[in-house]
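Written below as structure tokens is the structure these notes are about.
Just so it is clear, none of the values below were taken in a lab; they were calculated from the coordinates. This one's a predicted model, so the numbers in the text were calculated from it and none came from an experiment. Neighbour counts are summed over all protein chains in view; Cβ atoms, including those assigned to glycine, are modelled from backbone coordinates with ideal geometry.
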Amino acid sequence: MYTINYINIFIFFFVALCLVFIMLFLTKILSIFFSKTKDIEKISAYECGFDPFEDARIKFEIHFYLIAILFIIFDLEIAFLFPWAICLSVLGIIGFLNMLLFLILLGIGFIFEWRQGALDW
């Protein structure tokens, strides 16, 4: 009785699964028929159109990862602020205080990172 409501979802899932397998099969068949010898330039390392200057296993600063993580954290803050701002009239004072606490904690984290020098270039 309840499965009749989900029959469209099952059909869609089945068709999508069939298409995936058909595409995988076709690429395998086409690669067999149209494979060419490997060109030296096509299998060489690509680095902005230039030949690689040095080994790819060189050390680099972790600072770039820290900046990326900070960006993700503060980007998520914005993702939480928009729905909160829309529903603020429904949430009332408790919702306002919860978001205020959230923003204070993020501000403390931002100040901590600033003091540690993670934002200095």
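A few comments on the model shown:
- Segment Thr27-Leu106, extension gain: residue separation times 0.36 nm, minus the distance between their alpha carbons: 23.6 nm
- Ile7/Phe80 FRET efficiency (R0 35 Å; Cβ-Cβ; nearest 0.05): 0.40
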